[in-house]
Amino acid sequence: MVRRLEIELGNKPVVIETGLLSKQAAGSVTVSCGETVVLVALTTKKSDICGDFFPLVCDYREQTSAAGKIPGGFFKREGRPTEREILVSRLMDRSVRPLFPKDFTDEVQIVSFVLSVDQENDPDVLSVIGSSAVVLLSGLPFKGALGCVRVGKIGEKFIINPTISELEHSDLNLVLSGTENAIVMLEGWAKEISEDVFLQATSFGFEAIQPLIKAISSWRMQNSYDSGFVPDSEIEKKVELFVREKMERIWEYPEKKQRNEYYEKMFEELKAQYDESMHDEIKIIFNGCLEKTIRDMILQTGRRFDGRDPEQIRPIDCKVGLLPRTHGSALFTRGQTQCLSSVTLGTKHDQQIIDGLFEETSKRFMLHYNFPPFSVGEVGALRGPSRREIGHGALAERSLQFLIPSEDVFPYTIRIVANILESNGSSSMATVCASSLALMDAGIPIPRHVAGVALGMIKENDKYILLTDIAGEEDHVGDLDLKIAGTTVGITGFQMDVKTTEFSLDILRQAVMQSKRARDRILEIMNSVLDKPRPEISKYAPKILTIKISPDKIGLVIGGGGKTIRKIIEETDTEIDIDDDGTISVYSTNLESCKNAIEKIKSIVEEPEAGRIYEGIVTRIFPFGAMVKFLNEQEGLVHISELAPYRVNRVEDVVNVGENIKVKFVGFDEQGRANLSRKQALTQEEIEKEKQKINFPQRHIKKSFRK
């Protein structure tokens, strides 16, 4: 049976339909807004594995046929997931995962295909809405319906689900997922907005999803659910008592490695008390009791295992200019989290071309984040970037992107490589800090530093504690991971995940203000090391100079068949790009070569200046004057009356074709033709010589006649 819901979101109808497509899936829907349509389907498989991990897989795929395009490249079909597809897949996962029971371990896959796209309504939010709907239809255990919207801000007005063109003028791009009572996920960027504006936008978005949640709640299917693993209550009590007794000594181990070794020692001692066949079960019970005990101890005492109070940041150390041949570098260390960022400057040829569902674009600022296994003391294979690495890099990139100077101010392509060398919590925010320092070390004129910090929370019933600068252990056992980056002016990037359905707007307000206090302290430390960009870029960076000419003079610079531009490139040993708007970029490893090329281009396109004297060559002769080429390819007329400081009967008496002469530019006539003067270009001494030349033959002729 086909079922249909239509909900107004931001004055635009969003339509959800089920029962027509993909009927063998456990749940499937199409979600559409405008002419953008996504198909979301869920399948599930019973798991016999005894564990504490929920194997949820969310996959978002964009097929270019949805936009009426054929993929570029040799194979002409979609390949591995793009960065955007991975980021939207993460949006889906981070939205729905917190709403499943902790003990649910069945395999679940949610797939979203973009079937149609209208270039205005983004399919990412529709995919999250569809994910909520298919879980409800499947009958899987789920803590209520989930809604999702995007919030933009143009001027003083908030907009629900702004179009792609509206986002170009927006100061905010906030994607929010939530339930009837709680916020579940936040993601996005901002152009240095205040904390108050950020909170207002979040509240605005939370209110907007309520009608959607109410509408799709009616689709919920009830299904019996058997927990995959129910621990023996007696064994659980004994393990919990054992863990609590051992954890009284945890304060003796302030380092992460020390505590991990202590936990392993605890488990080895515990499992020795049980038969080998029970070790897997004991491991699950032990991990659950350990997590509960850690939460209780921090919540009750307000003390953290590394000795910090709730708002204390770990010790910070910043260093810049570490790497001699990179164009900029910085090392940011906060506790046991360490990021080394390096900056590479490139030319326009190095920009990344992005070709997908939407119009082809280029990207001149890139940040690539790497998380090698040695950063957490593990052994692992080095392969392509994981979803987590893509997500963390994107968060850091958008936190910095609006501080990057425009191309007309700084015409370089910029790439940051951020390598995490140690990790114990919030490596993405360390990446923001290290990268901001590296940008200034590279001499890139960013106006101020960007810093970031992560906050966590532990909540039981009505009691909770917010933790600034969470370590990995606190992230693992806690209920919140809120990352906010920004400057002294305002917020630039954010990401929030929760493991609870009890995160309210009131708690968010406290967390945001606590985050601001921490961010301000980090910015003070960063500014004490390097508070403004280096005055010059690295000597190893390519040199780029730009000039803007009138578009109608581009042909002059290129020349017939590219002859002129090729000659300049060969003579100056440079590379030259010309845009349709008349912007010319000159690249070289040598600054003088760039300057030389620019001067040659200027001489070709330079507009004549009234009263200025130029070297020219006579190209044509007429009874009324001579045409003279000056400023390379430009031509002007020297009227016969302007050839010499005396009356001229024939033009050939003064100049001939091919002769080099000096001319003064007088101005343009009504038809835009250049008027030149030879006699006005002569010095007083040259004028006297000219008069002598003409007078001598005249006197000679007269004397001969008298004879």
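The values are calculated or read from the model by the stated rules, or taken from the named source; none is laboratory data. Please read these numbers as outputs of a predicted model, since none were measured by experiment. Cβ placement follows ideal geometry from the backbone for every residue including glycine, while neighbour counts extend to all protein chains displayed.
Filtering Leu115, Leu87 for residues that are outside the structural domain of Leu357 (by TED's automatic domain parsing), surrounded by fewer than 21 Cβ atoms within 10 Å (Cβ to Cβ), aliphatic (A, V, I, L, M) and over 13 Å from Val40 (Cβ atoms) leaves a single hit, Leu87. Residues that are over 19 Å from the mean Cα position of the chain (by Cα) and without any contact (Cβ under 8 Å) to a residue 12 or more places away in the chain within the range 317-357 comprise just one, Pro324. Could you tell me whether Ala201 is crowded, with 18+ Cβ neighbours inside 10 Å, over 30 Å from Asp520 (Cβ atoms), of a type outside the set (S, T, N, Q) and at pLDDT 95 or above? The answer is no for Ala201.
Of the helices (runs of 4 or more DSSP H) that lie entirely inside the range 158-252, those containing 3 or more residues that are more than 30 Å from His392 (Cβ to Cβ) span 195-216, 233-246. Given the structure, is Ser504 touching a residue at least 40 places away in the same chain (Cβ under 8 Å) and buried (at least 19 other Cβ atoms within 10 Å of the Cβ)? It is false that Ser504 is touching a residue at least 40 places away in the same chain (Cβ under 8 Å) and buried (at least 19 other Cβ atoms within 10 Å of the Cβ). Can you spot a residue in the range 476-497 that is modelled with pLDDT under 95 and either of a type in the set (Ser, Thr, Tyr) or in a helix (DSSP H, G or I) (or both)? Yes, the range 476-497 contains at least one residue that is modelled with pLDDT under 95 and either of a type in the set (Ser, Thr, Tyr) or in a helix (DSSP H, G or I) (or both).
Whether a residue is surrounded by 19 or more Cβ atoms within 10 Å (Cβ to Cβ), acidic (Asp, Glu) and within 17 Å of the chain's Cα centre (by Cα) was assessed, and Glu360 does not pass this test.
Counting the residues of the range 517-550 that are surrounded by fewer than 19 Cβ atoms within 10 Å (Cβ to Cβ) and within 30 Å of Met185 (Cβ to Cβ) gives 3. Here the strands (runs of 3 or more DSSP E) wholly within the range 561-629 that include at least 1 residues being among the charged types (D, E, K, R) are 575-578, 613-622. Filtered by the rule that a residue be in a helix (DSSP H, G or I) and more than 24 Å from the chain's Cα centre (by Cα), the range 514-540 gives Gln514, Arg517, Arg521, Glu524, Ile525, Ser528, Val529.
Applying a threshold of 7 Å to beta carbon distances and a minimum spacing of six or more residues, or different chains, the list of pairs starting in the range 666-686 at a residue that is β-branched (Val, Ile, Thr) and ending at one that is surrounded by 14 or more Cβ atoms within 10 Å (Cβ to Cβ) and assigned to a strand (DSSP E or B) reads Val666/Asn675; Val666/Leu676; Val666/Ser677. Of the candidates Gly68, Gly19, the single residue that is within 16 Å of Ser116 (Cα to Cα), surrounded by fewer than 17 Cβ atoms within 10 Å (Cβ to Cβ) and without any contact (Cβ under 8 Å) to a residue 60 or more places away in the chain is Gly68. Counting only residues that are basic (Lys, Arg) and touching a strand residue (DSSP E or B) at 6+ places or on another chain (Cβ under 9 Å), give me the strands (runs of 3 or more DSSP E) lying completely in the range 304-347 with at least 1 of them. Of the strands (runs of 3 or more DSSP E) lying wholly inside the range 304-347, those with at least 1 residues that are basic (Lys, Arg) and touching a strand residue (DSSP E or B) at 6+ places or on another chain (Cβ under 9 Å) span 316-320, 328-334. In the set Lys69, Lys46, only one residue is in the same structural domain as Leu140 (by TED's automatic domain parsing), modelled with pLDDT under 90, over 27 Å from the mean Cα position of the chain (by Cα) and of a type in the set (Lys, Arg); that residue is Lys46. For the range 281-311, name all the residues that are polar (S, T, N, Q) and in contact with a helix residue (DSSP H, G or I) (Cβ under 9 Å, 6 or more places away or on another chain). Across the range 281-311, the qualifying residues are Asn287, Thr293. Exactly one residue out of Ala430, Ala434, Ala438, Ala396 is assigned to a helix (DSSP H, G or I), crowded, with 18+ Cβ neighbours inside 10 Å and touching a Lys or Arg at 6+ places or on another chain (Cβ under 9 Å): that is Ala430. Here Met627 passes the criteria (1) outside the structural domain of Thr683 (by TED's automatic domain parsing); (2) under 22 Å from Ala674 (Cα atoms); (3) without any contact (Cβ under 8 Å) to a residue 12 or more places away in the chain except the one numbered (1). Looking only at residues of the range 647-696 that are over 20 Å from Thr619 (Cβ atoms) and β-branched (Val, Ile, Thr), we find that the one that is surrounded by the fewest Cβ atoms within 10 Å (Cβ to Cβ) is Thr683.
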